[in-house]
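Here's the structure we're looking at; comments come further down.
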Amino acid sequence: MVRFGLTVVRHGETRYNKDKILQGQGVDEPLSATGFRQADAAGVFLSNVKFTHVFSSDLLRAKQTATAILGKNKFCRDLEIKYDARLRERKYGVAEGRPLADLKAMAKDAGEQCPSFTPSGGETLDEVRERARDFFEFLCQLAVGLEQKDPGGSSRSSGTPKEQFVFPWTDHCSEGEPSSEGSGSSKILDANILVVSHGAYMRNWIGYLVSDLNCTLPANLTKSHLSSVSPNTGISHFVVKLENGNLSKPEITCVCLNQDSHLVDVGAECVASKVF
């Protein structure tokens, strides 16, 4: 049984987020002062998690968020962040750099609705989902490869408390880590992966996990939760199991989706910022 944790975080706020302007891939804005505070807060929230791998979109707002999160971590500040173009935001073509209202107007003129509408030069939802599928399969292959190199998990567990591998989500979410034993300890993970990406991309990725791979969701989640864009630095956590290393049938459990409790002390405006 191959088993890995997957924590997905949206980047912190940029001034374009605040002003409801589409960035996509063509507008590479840095984090705002609020965005850096959000990223630091997410880092504190995740500071006790020992990640084995960190991946980020290669766009600046995501790179800065990933760096800030690792900077607060107690165990893996020196872990290399690997940048991957497959994690970039959805490309919005001619709508990039323009207000979100313009995209909605374009969709209306075309007799369509957001987010299914694709502006000229933009990516379709299917194209975004294909990028997400490809990256997720890459993560599964990575975890299987690690387990094959170290079948007993000796190098992963040597001198390392189990609690460092699985975040104590029960402190912040309605449901606990699904594989916890009665004693409260958790099974060793073959990998514990942090991914920093973007709002529209993450919504499509989670949609793929749920609709195509039958990801199990917390009982309190509604359809509106699934269709909503994560707030800036919203955190989602999944546990992925691959029986006998079978990549075609992953068993995925969503422990927490777009949680933002770490933003309470950052400012109310941060929690409300959900524009992609």
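When segment 106-127 is filtered for residues that are open to solvent by 50 Å² or more (accessible area, probe 1.4 Å), of a type in the set (Gly, Ala, Ser) and either in a helix (DSSP H, G or I) or within 22 Å of LEU209 (Cα to Cα) (or both), only SER116 remains. Any chance segment 102-123 includes a residue that's among the basic types (Lys, Arg), in contact (Cβ under 8 Å) with a residue 60 or more places away in the chain and within 23 Å of ASP28 (Cα to Cα)? No: segment 102-123 contains no residue that is among the basic types (Lys, Arg), in contact (Cβ under 8 Å) with a residue 60 or more places away in the chain and within 23 Å of ASP28 (Cα to Cα). Scanning segment 5-34 for residues being open to solvent by less than 20 Å² (accessible area, probe 1.4 Å) and without any contact (Cβ under 8 Å) to a residue 40 or more places away in the chain gives a total of 1.
None of SER236, SER227 is open to solvent by 50 Å² or more (accessible area, probe 1.4 Å) and closer than 26 Å to PRO115 by Cβ except SER227.
Mind checking whether some residue in segment 68-91 is in a strand (DSSP E or B), out of contact with any His (no Cβ under 7 Å at 6 or more places or on another chain) and open to solvent by 40 Å² or more (accessible area, probe 1.4 Å)? The answer is yes, given that some residue of segment 68-91 is in a strand (DSSP E or B), out of contact with any His (no Cβ under 7 Å at 6 or more places or on another chain) and open to solvent by 40 Å² or more (accessible area, probe 1.4 Å).
Using the structure shown, decide if VAL240 is in contact with a Pro (Cβ under 6 Å, 6 or more places away or on another chain) and in contact (Cβ under 8 Å) with a residue 60 or more places away in the chain.
yes
Just so you know, in segment 203-220 the residues that are out of contact with any strand residue (DSSP E or B) (no Cβ under 6 Å at 6 or more places or on another chain) and hydrophobic (A, V, I, L, M, F, W, C) include one that is surrounded by the fewest Cβ atoms within 10 Å (Cβ to Cβ), and it is ALA219.
If the requirement is being of a type in the set (Asp, Glu), over 18 Å from PHE135 (Cβ atoms), open to solvent by 10 Å² or more (accessible area, probe 1.4 Å) and in contact with a Lys or Arg (Cβ under 8 Å, 6 or more places away or on another chain), which of these qualifies: ASP40, ASP58? Write out each step before concluding.
Numbers: ASP58 fails: over 18 Å from PHE135 (Cβ atoms).
None of the other options fit; the residue is ASP40.
For segment 87-94, does any single residue satisfy the condition of being modelled with pLDDT under 95 and among the aromatic types (Phe, Trp, Tyr)? Looking through segment 87-94, none of the residues is modelled with pLDDT under 95 and among the aromatic types (Phe, Trp, Tyr).
Residues are listed down the side, and each one gets a yes or a no for (1) under 13 Å from SER197 (Cβ atoms); (2) at pLDDT below 95:
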{"position": "ALA41", "(1), (2)": "no, no"}
{"position": "SER47", "(1), (2)": "no, yes"}
{"position": "PHE55", "(1), (2)": "yes, no"}
{"position": "LEU59", "(1), (2)": "yes, no"}
{"position": "ALA62", "(1), (2)": "yes, no"}
{"position": "ARG77", "(1), (2)": "no, yes"}
{"position": "TYR83", "(1), (2)": "yes, no"}
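Scoring TRP169 on the criteria (1) modelled with pLDDT of 95 or more; (2) surrounded by 16 or more Cβ atoms within 10 Å (Cβ to Cβ); (3) aromatic (Phe, Trp, Tyr) leaves a single failure, condition (1).
Each row is one residue, and each column tells you yes or no for (1) farther than 14 Å from THR7 by Cβ; (2) of a type in the set (Ser, Thr, Tyr); (3) without any contact (Cβ under 8 Å) to a residue 12 or more places away in the chain.
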position	(1), (2), (3)
PHE36	yes, no, no
LYS50	no, no, no
HIS53	no, no, no
SER56	no, yes, no
LYS63	yes, no, no
ALA68	yes, no, no
ASN73	no, no, no
ARG77	yes, no, yes
GLU80	yes, no, no
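I need a count of the residues in segment 209-264 that are among the hydrophobic types (A, V, I, L, M, F, W, C), farther than 21 Å from ALA191 by Cβ and either part of a helix (DSSP H, G or I) or at pLDDT 95 or above (or both).
Initially, segment 209-264 is screened for residues among the hydrophobic types (A, V, I, L, M, F, W, C), giving 209-210, 213, 215, 217, 219, 221, 226, 229, 235, 238-240, 242, 247, 252, 254-257, 263-264.
Among the residues that remain, those that are also farther than 21 Å from ALA191 by Cβ are: 210, 217, 219, 221, 226, 229, 263-264.
From what is left, the residues that are either part of a helix (DSSP H, G or I) or at pLDDT 95 or above (or both) are 210, 226, 263.
The total comes to 3.
The values are calculated or read from the model by the stated rules, or taken from the named source; none is laboratory data. The model shown is predicted, which means the values in this text are computed figures rather than measured ones. Glycine also receives a Cβ, built like all others from the backbone with ideal geometry; neighbour counts cover every protein chain displayed. For the accessible areas, the whole protein counts, side chains as well, though only heavy atoms, and no ligand, DNA or RNA atoms are used. Shrake-Rupley method; radii C 1.70, N 1.55, O 1.52, S 1.80 Å.
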